[in-house]
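In what follows, a structure is listed as structure tokens, so that the remarks can point back to it.
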Amino acid sequence: MKATFGGGCFWCTEAIFKNLKGVSSVLPGYMGGTKENPTYKEVCTGLTGHAEVIQIEYDPQAISYQELLGVFFRTHNPTTLNRQGNDVGTQYRSAIFFHDEAQREEAEAFIKRLTDEQVYDDPIVTEITPASTFWEAEDYHHDYFANHPENPYCAAVIQPKVTKFLKSLVH
């Protein structure tokens, strides 16, 4: 099955979801915009309307969509519009691109539960949108964190995020 999430920089989200049992692939890419076959440079202008996303292939017998939603909401801030940390722009928006009605319903119910339980101090702004064409990111974005741990962004932003997430799996 497929799941597609936009939770800020796809280098971060890819690094998180690759650690999950039951996830067979995580591809960085772009979704939700108007330009055919957009490039990273074009998406970064904010003019194409695309979000940076990851498209996940997973085995629902090993990990549920509900569990994927849980990881998604634990590992980014769904209350900041078009922003994740220092990454600012519509391409960094919080977004769930659903592949069928069941995913849409589960995402809506998940957000309702988080809202009802007042998990966040501010309102959740995550958009829930039908999946459209997934444009795979350029090769150099694939496994970016694993291939460039010395990159200052990777060391300062991604590594602490992955470490914190992995520690949460142990407890």
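What to note about this one:
- Residues located in the range 148-171, provided they are of a type outside the set (A, V, I, L, M) and loosely packed, with under 13 Cβ neighbours inside 10 Å: Pro149, Glu150, Pro152, Pro160, Thr163, Lys164, Lys167, Ser168, His171
- Count of residues meeting criterion [more than 16 Å from the chain's Cα centre (by Cα) and either free of Cβ contacts under 8 Å to residues at least 12 places away in the same chain or buried (at least 20 other Cβ atoms within 10 Å of the Cβ) (or both)] in the range 48-62: 1
- Cβ-Cβ distances below 8 Å connect the following pairs, each with a first residue in the range 21-43 that is at pLDDT 95 or above, a second residue that is of a type in the set (Lys, Arg), and a separation of six or more residues or different chains: Val26/Lys18; Glu42/Lys35.
- Flag if Thr126 is touching a Ser or Thr at 6+ places or on another chain (Cβ under 7 Å) and in contact (Cβ under 8 Å) with a residue 24 or more places away in the chain: yes
- The set of residues in the range 70-89 that are more than 18 Å from Val157 (Cβ to Cβ) and either assigned to a strand (DSSP E or B) or of a type in the set (Gly, Ala, Ser) (or both) contains only Gly70.
- 3 or more residues at pLDDT below 95: qualifying helices (runs of 4 or more DSSP H) within the range 90-171: 144-147, 159-170
- Checking the stated criteria, Thr115 turns out to be among the polar types (S, T, N, Q) and more than 29 Å from Pro38 (Cα to Cα).
- Test for Phe110: is it surrounded by fewer than 22 Cβ atoms within 10 Å (Cβ to Cβ) and over 18 Å from Phe134 (Cα atoms): yes
The values are calculated or read from the model by the stated rules, or taken from the named source; none is laboratory data. Quantities reported herein were computed from a predicted structural model and do not represent experimental measurements. Cβ coordinates were reconstructed from backbone atoms using ideal geometry, including for glycine residues, and neighbour counts include every protein chain displayed.
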